[in-house]
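K.L.:
One structure coming up, written as C-alpha cells, with questions to follow.
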Amino acid sequence: MKMNLKTALRMISASQEKAEQLGVPVSIAVVDAGGNLVAQHRMDNAMLISQFLSLNKAYTSVATTMPTEELARHTQPGGPFFGVHTCQAASGICIFGGGYPVSDEGCIAGGIGVSGGSSEEDRAIAAAGRDAFEVAAGR
C-alpha cells in the first residue's frame with residue numbers, strides 16, 4: 001500500500017483524536033516513502049516550532065527506518081549514529097520521540113511525526129496515527 005492523501009488524512013484524524021483526549025495541542029505530519037510531505041495539520045494553540053519538528057520527525061523515521069525515540073538511543077556516544085543529528089549534511093534529522101515509520105508487506109510506505117507535547121505524549125499520539133495506517137492496510 002502506497003501512502004496517499006486519503007490514508008494520510010485518516011492517520012492525522014486518529015492522531016488528532018488522541019491529542020484531544022490527552023488535551024495536548026500538536027502538529028502532525030505524514031510523509032511518503034521518499035520523505036515528501038503528504039499532509040500536515042497544526043491544531044489550534046500548538047507551538048509554532050511543532051510544525052517543523054513534526055515534519056522532521058516523520059522524515060527521520062522514514063530516512064532511518066526506525067522510530068525517532070530508537071534513533072535517539074543510537075546517537076549516544078559509542079552508538080552507530082553518534083552525532084548524526086548534528087551533521088550539516090543530515091539536516092532535518094530529529095531524535096525526539098514522536099516519529100514512526102509505517103510499512104506494508106515489509107516495505108516502508110511513509111512516516112508520521114507529532115510534536116507539541118512531551119515525548120511520551122507525542123509518541124502516544126503518533127502511535128494512534130500509525131495504528132490507523134495499519135487498519136487502512138488491512139492489518
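K.L.:
Among (i) 41, 22, 11; (ii) 25, 18, 11; (iii) 22, 18, 13, which one is semi-axes √(5λ) of the Cα gyration tensor in Å computed from these coordinates?
P.N.:
(iii)
K.L.:
Determine, from the Cβ-Cβ distance of S13 and T65 and an R0 of 35 Å, the FRET efficiency 1/(1 + (r/R0)^6), rounded to the nearest 0.05. If you can, show how the numbers build up before the last one.
P.N.:
Working: r = 25 Å, r/R0 = 0.71.
According to the calculation, E is roughly 0.90.
K.L.:
With charges only on Cβ, +1 for K and R and -1 for D and E, what is the dipole size of the chain about its Cα centre, in debye, rounded to 20?
P.N.:
Working: 10 positive and 13 negative charges, 45 e Å.
Once rounded to the nearest 20, the dipole reads 220 debye.
K.L.:
Further question on the same structure: Give me, ordered by chain and number, the residues 5 or more places off C94 or on other chains with an amide H under 5 Å from its own placed amide H.
P.N.:
Amide H to amide H, under 5 Å and 5 or more residues apart or across chains, C94 pairs with T60.
K.L.:
Which value, in debye to the nearest 20, describes the size of the charge dipole of region 60-136 about its Cα centre when Lys and Arg Cβ atoms bear +1, Asp and Glu Cβ atoms bear -1, and nothing else is charged? Present the calculation step by step, with values, prior to reporting the outcome.
P.N.:
Numbers: 3 positive and 9 negative charges, 59 e Å.
Dipole size: approximately 280 debye.
K.L.:
Which helices count as membrane-span-like in the chain under these terms: full DSSP H, at least 18 Å along the axis by C-alpha, Kyte-Doolittle mean of 0.0 or more?
P.N.:
Numbers: long enough: 5-22 (25 Å, -0.30); 48-64 (25 Å, 0.62); 119-136 (26 Å, -0.30).
Result, helices passing both filters: 48-64.
FYI, it's all coordinate maths here, none of it is from the lab. Please read all numbers here as calculations on a predicted model, not as lab measurements. Cβ: placed from backbone, ideal geometry, glycine included. Neighbour counts: every protein chain shown.
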